[in-house]
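See below for the structure under consideration.
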Amino acid sequence: MYWLFLLLAIGAFMLAISTPQLWLLVLALLTALAFFLLWIKGLYVSRFGTVADAPRALHPAELQRLREQLRPDTATETSAAAPPGEPR
């Protein structure tokens with residue numbers, strides 16, 4: 001129903017065009033701008049999803065677990081690099 005904001009913006013703009021008072025003109029133009037921006041936001045949300053789809057931050061424990069998974073295992077590398085028969 002975001003398209004209603006476009007109709008309200010057009011109505012406020014028509015009021016701004018037809019009024020002789022300056023204060024009502026400014027108020028109607030600001031209202032038309034606000035409704036137009038709300039219509040643009042609604043159009044964006046309907047096409048691309050919610051506005052707040054930002055990825056969540058990792059918990060420090062999750063981050064540490066990922067670091068441990070990506071860190072090369074030093075014990076495995078030294079045992080693989082040493083020739084067989086020599087003490088490690």
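Some observations on this one:
- Heavy atoms of F5 accessible to a 1.4 Å probe, total area in Å² rounded to 10: 70 Å²
- Accessible area of E68 (1.4 Å probe, protein heavy atoms only, ligands and nucleic acids ignored): about 110 Å².
- Residue-wise HN-Hα coupling along the range 11-25, computed from phi with Karplus coefficients 6.51, -1.76, 1.60 (Hz; x: Gly, Pro): x, 5, 5, 5, 5, 5, 5, 8, 8, x, 8, 5, 5, 6, 4
- FRET efficiency for the L7 to A57 pair, using the beta carbon distance and R₀ = 30 Å, is estimated at 0.15.
- Net length gained if the chain between L15 and L33 were fully extended (0.36 nm per residue, minus Cα distance): 5.2 nm
- Label-to-label distance, L43 versus D73, with points set 7 angstrom from Cα along the beta-carbon direction: 5.6 nm.
The values are calculated or read from the model by the stated rules, or taken from the named source; none is laboratory data. No experiment lies behind these values; they were computed from the predicted model shown. Reconstructed Cβ throughout: ideal geometry from the backbone, glycine too, with neighbour counts over all protein chains shown. Note: accessible area is taken over every heavy atom of the protein model, side chains too, but ligands, DNA and RNA are not part of it. Shrake-Rupley method; radii C 1.70, N 1.55, O 1.52, S 1.80 Å.
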